[in-house]
Amino acid sequence: AQSVTQPDIHITVSEGASLELRCNYSYGATPYLFWYVQSPGQGLQLLLKYFSGDTLVQGIKGFEAEFKRSQSSFNLRKPSVHWSDAAEYFCAVGVGGQGGSEKLVFGKGTKLTVNP
Amino acid sequence: DSGVTQTPKHLITATGQRVTLRCSPRSGDLSVYWYQQSLDQGLQFLIQYYNGEERAKGNILERFSAQQFPDLHSELNLSSLELGDSALYFCASSPGRSISSYNSPLHFGNGTRLTVT
């Protein structure tokens, strides 16, 4: 079955430090990949997406992610973290269903804490 | 602001009761998806509607049902509520019948927090 694994439940970084959040997926076909961010009490905001083409994708708020097919990974990176980046981050893969429908399968999320 | 509106924001009810959650998709979006977020299960896909018709079903209980109306808003009905139904329920929308239709991701509302006591 399709699945998404985010190995790190909780990560703490200092403000200004670099960040990498890991995501691995299990899916037979070419995946559609997404990163969403959820601030406390808020909905899910799309950070970036990969459908095809360039494997390094740029998103909002200075985030980027790289699709590595050989490693089944789609890790999220940011060179310098800001205190406002503290939130929970979800990786998701779009998987095919019946009749061409699709759904998003989400990882369990990584909670990011930023120390001043 | 994603453009997806969910009401109410919070709902507190007792076991055995029935509630209705409402979602208005982004302007122009024809698909509505419902997700449940709980601490133990994470984000689980419940059901998708496209232009008024059910398109895909996920881990939706028989006690739950949904529909999408001609004006494209959607309602999720939860009945015979149990303590374990307490969760955050998200609605998301997209333009096409599938994510790949327009290479468009899902845009999520801020959710309805349901507490069953």
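The values are calculated or read from the model by the stated rules, or taken from the named source; none is laboratory data. Quick caveat, the model's predicted, so the values are computed rather than measured. Every residue, glycine as well, gets a Cβ built from its backbone with ideal geometry; the counts of neighbours run over all protein chains shown. In case anyone asks, the SASA skips ligands and DNA or RNA and just uses the protein heavy atoms, side chains included. Shrake-Rupley method; radii C 1.70, N 1.55, O 1.52, S 1.80 Å.
Just to be sure, is B:LEU78 surrounded by 20 or more Cβ atoms within 10 Å (Cβ to Cβ), in contact (Cβ under 8 Å) with a residue 12 or more places away in the chain, in contact with a strand residue (DSSP E or B) (Cβ under 8 Å, 6 or more places away or on another chain) and on the phi < 0 side of the Ramachandran plot? For B:LEU78, the condition - surrounded by 20 or more Cβ atoms within 10 Å (Cβ to Cβ), in contact (Cβ under 8 Å) with a residue 12 or more places away in the chain, in contact with a strand residue (DSSP E or B) (Cβ under 8 Å, 6 or more places away or on another chain) and on the phi < 0 side of the Ramachandran plot - is met. Apart from one condition, A:LYS61 fits all of (1) within 14 Å of chain B (Cβ to nearest Cβ); (2) under 25 Å from B:GLY109 (Cβ atoms); (3) surrounded by fewer than 17 Cβ atoms within 10 Å (Cβ to Cβ); the exception is (1).
Within the stretch B:81-103, being surrounded by fewer than 19 Cβ atoms within 10 Å (Cβ to Cβ) and either over 30 Å from A:PHE51 (Cα atoms) or polar (S, T, N, Q) (or both) holds for B:GLU82, B:LEU83, B:GLY84, B:SER86, B:SER100, B:SER101, B:ASN103. Among the conditions (1) under 21 Å from B:GLN36 (Cβ atoms); (2) not in a loop (DSSP other than H, G, I, E, B), the only one that A:ASN75 does not satisfy is (1). Taking the criterion of being open to solvent by less than 40 Å² (accessible area, probe 1.4 Å), closer than 14 Å to A:GLU20 by Cα and not hydrophobic (A, V, I, L, M, F, W, C), the residues of the stretch A:64-94 that qualify are A:SER73, A:ASN75, A:LYS78, A:ASP85, A:TYR89. Taking the stretch B:1-59 as the range and being under 13 Å from B:CYS91 (Cβ atoms), open to solvent by less than 20 Å² (accessible area, probe 1.4 Å) and not aromatic (Phe, Trp, Tyr) as the test, the residues that pass are B:VAL4, B:GLN6, B:LEU21, B:CYS23, B:ASP29, B:SER31, B:VAL32, B:LEU43, B:LEU46, B:ILE47, B:GLN48.
Only one entry of B:LEU61, B:LEU30 meets the criterion of being in contact (Cβ under 8 Å) with a residue 40 or more places away in the chain and either in contact with a helix residue (DSSP H, G or I) (Cβ under 8 Å, 6 or more places away or on another chain) or more than 10 Å from chain A (Cβ to nearest Cβ) (or both), and that entry is B:LEU30. Specify the residue that is nearest to the other protein chains (Cβ to nearest Cβ); the eligible residues are those in the stretch A:1-48 that are open to solvent by 50 Å² or more (accessible area, probe 1.4 Å), among the polar types (S, T, N, Q) and out of contact with any helix residue (DSSP H, G or I) (no Cβ under 9 Å at 6 or more places or on another chain). The qualifying residue nearest to the other protein chains (Cβ to nearest Cβ) is A:GLN42.
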